[in-house]
Amino acid sequence: MAGIRRRDVLTGAVAVAGAAAIGLNPAAASAATRQHPGAVQEPQLLFGDYPVVARVRARRALEHLRVLSDDIGPRIAGTAGEHRAKDYLAGVLRKLRYQVTVQPFPVADKYLGEIRLGRDSWQTGSSPQGTQDVTREADVVDVGSGAPETFPADVTGKVVLYAAVTNDPNAYLLAAERGAVAVLIGRLNATPDRKLSAFSPTLATPVQIPVLGLAQVQVERLRAKLAAGRARIRLSSVHHKNLTSYNVIAERPATLPGPDNGVVMVSAHYDSVPGSPGANDDGSGTVLCLELARVLRYLPTNKAIRFALWGSEEYGLVGSRYYVNNLSDAEAGRIAGCLQNDMVATSYDPANIYWLLSVDGADNAVTQAVGAAAGRLGYTPRTKGPVARGSSDHVPFFERGIASGNFSWRGEGGPALLEPTYHTPEDTIADNVSLERLQVSLELIGAAAYDLLRRH
């Protein structure tokens, strides 16, 4: 045994013993003890960490993300995209033999637009004060910021585009008066640290033409097309009425005998903002839940495991609030904690800190569990917190007195430092997803959740 450290021998022995106890391949259990990509220290795993760390695979989660982000695309609250995602998520969880409940709730009307430019199709916002449920096809004319002194005298039959850091507030009226069939309003950011999203413009005066709100990257691409020559587009505006959004809830009871020890929740929101395929926000958190549902489904637990995938987060935490508000006191009292995962895979280099976020900045059962898991897995120097931060679906749980935390990759200077493509059409797998960071997130949340699930 010369040259072999006693700790390595003991670690290997525990790994093999753990593998035998839970039916895990010994080689896989032993591999879990090696330092993982992204870790800065060797792991010091507990017995319960092995079945999670050795099994979770970011590439498996990526298969689900391709469906949500690439195939379905934008998943706007209450619309067909969100409903397709709901059906997919419920189907995956049912195949994993969870007890699945789809919880409906009403949501506000949505005003959306679509632009077709050649083979490209872009989702945008649409102004409620513009004409709805119409389609127009015409050439685009760019009028800069929309300032009156540079505005063409006649734009009859044209689609008028204007975009700048500061747009003229009445340019849409001028376009309507001078014969435009539609208006495209874009917003540009003065700094490169954030690109702006699609939006539904609020107009002081209604007009009888459609008015769409473009994301910054859509403006940039349309202007690049115009710089190369003519740009003819087909656009539509749609008022989506009488909408229903859904939460997808999947549960598996505790498997070990004994009294009721409650339930541990792992959650994410699956909707996205207009124009965005939502790969990182929050397709990444959603597929983390699906992958952990696969890994945890047969593991012995003293508590029930419940996965919750929220609809309509982007419009004010609507789905999670509906869920929490409809819990009885007894049901709320059974929840030992909720681990909310929101934006857990960005590839943006400066977003290199995994933040533990609680509403009040205080430690609680779930932030403590994730922090302890980070220490065991060797990821501690890459984690910070807990620090105070709301703005995600852990908030309604906190307000009900339930231990909760939000877990996310963000900039080193603070949790407000997000990637420039946040909430934009560039939030794609290709541009904004890191398999390494997704793997770290899976291991941390999986190990923390299973630790909580095994407690009496």
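The values are calculated or read from the model by the stated rules, or taken from the named source; none is laboratory data. Here the structure is a predicted model, which means the values were calculated and not measured. All accessible areas refer to the heavy atoms of the entire protein, side chains included, with ligands and DNA or RNA removed. Shrake-Rupley method; radii C 1.70, N 1.55, O 1.52, S 1.80 Å.
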**Asked** Could you work out the helix-only [θ] at 222 nm for the chain, with each DSSP H run of four or more residues adding -39,500 (n - 2.57) and the total divided by the number of residues, to the nearest 500 deg cm²/dmol?
**Response** -9000 deg cm²/dmol
**Fill in**
For the stretch 276-292, in residue order, the Karplus 3J(HN,Hα) values (coefficients 6.51, -1.76, 1.60; θ = phi - 60°; whole Hz; Gly and Pro = x) are 9, x, x, 5, 8, 10, 10, x, 5, x, 5, 6, 4, 4, 5, 5, 5
**Prompt:** R34 accessible area, nearest 10 Å², 1.4 Å probe?
**Reply:** 150
**Item:** Percent RCO, i.e. relative contact order, over the chain, from Cα pairs under 8 Å lying at least 6 residues apart
**Value:** 20
**Request:** On a 0 to 90° scale, report how tilted helix 435-454 is relative to the longest principal axis of the chain, with both axes built from alpha carbons and the result rounded to the nearest 10.
**Result:** 50
**Asked** Share of antiparallel DSSP beta bridges in the chain, in percent to the nearest 5?
**Response** 55
**Request:** Keeping every protein chain in place, order L435, L65 by accessible area at 1.4 Å, biggest value first, i.e. largest first.
**Result:** L435, L65
**Item:** Karplus 3J(HN,Hα) series, Hz, for the stretch 232-244 with 6.51 cos²θ - 1.76 cosθ + 1.60 (x for Gly, Pro)
**Value:** 9, 10, 10, 10, 9, 10, 9, 9, 8, 10, 6, 8, 10
**Message:** Suppose a student asked you for the relative contact order of the stretch 24-147, using Cα pairs under 8 Å spaced at least 6 residues apart; what percent would you report?
**Reply:** 11
**Request:** Amide H neighbours of I353 under 5 Å, at least 5 residues apart or on other chains, H built in the peptide plane: list them.
**Result:** R410, E412
**Prompt:** How much area per residue is accessible in the chain when the probe is 1.4 Å and only protein heavy atoms are counted (Å²)?
**Reply:** 40
**Pairwise centroid distance, computed over Cα atoms, of the stretch 431-456 with the stretch 295-370, Å** = 12
**Prompt:** Using θ = phi - 60° and the Karplus curve 6.51 cos²θ - 1.76 cosθ + 1.60, what whole-Hz ³J(HN,Hα) does each residue of the stretch 102-107 get, with Gly and Pro shown as x?
**Reply:** 9, 9, x, 7, x, 9
**Asked** Amide H to amide H, which residues 5 or more places from S245 or on other chains are under 5 Å from it, using H placed in the peptide plane?
**Response** F105, V107
**Request:** Would you indicate which of [x] 87, 52, 37; [y] 75, 58, 36; [z] 78, 47, 39 is the value of Cα extents along the principal axes in Å derived from the coordinates of this structure?
**Result:** [x]
**Request:** With a ≥ b ≥ c taken as the square roots of the eigenvalues of the C-alpha gyration tensor of the stretch 192-290, please select rounded if a/c is under 1.5 and otherwise prolate if a/b is larger than b/c or oblate if it is not?
**Result:** prolate
**Prompt:** Given Cα pairs under 8 Å that are at least 6 residues apart, what percent is the relative contact order of the stretch 351-456?
**Reply:** 36
**Request:** Give the ranking of H269, H456, H36 by solvent-accessible surface, highest area first, calculated with a 1.4 Å probe.
**Result:** H456, H36, H269
**Prompt:** Check T124: other-chain or 5+ apart residues with amide H under 5 Å from its amide H, H built from backbone geometry?
**Reply:** G113, E114, I115
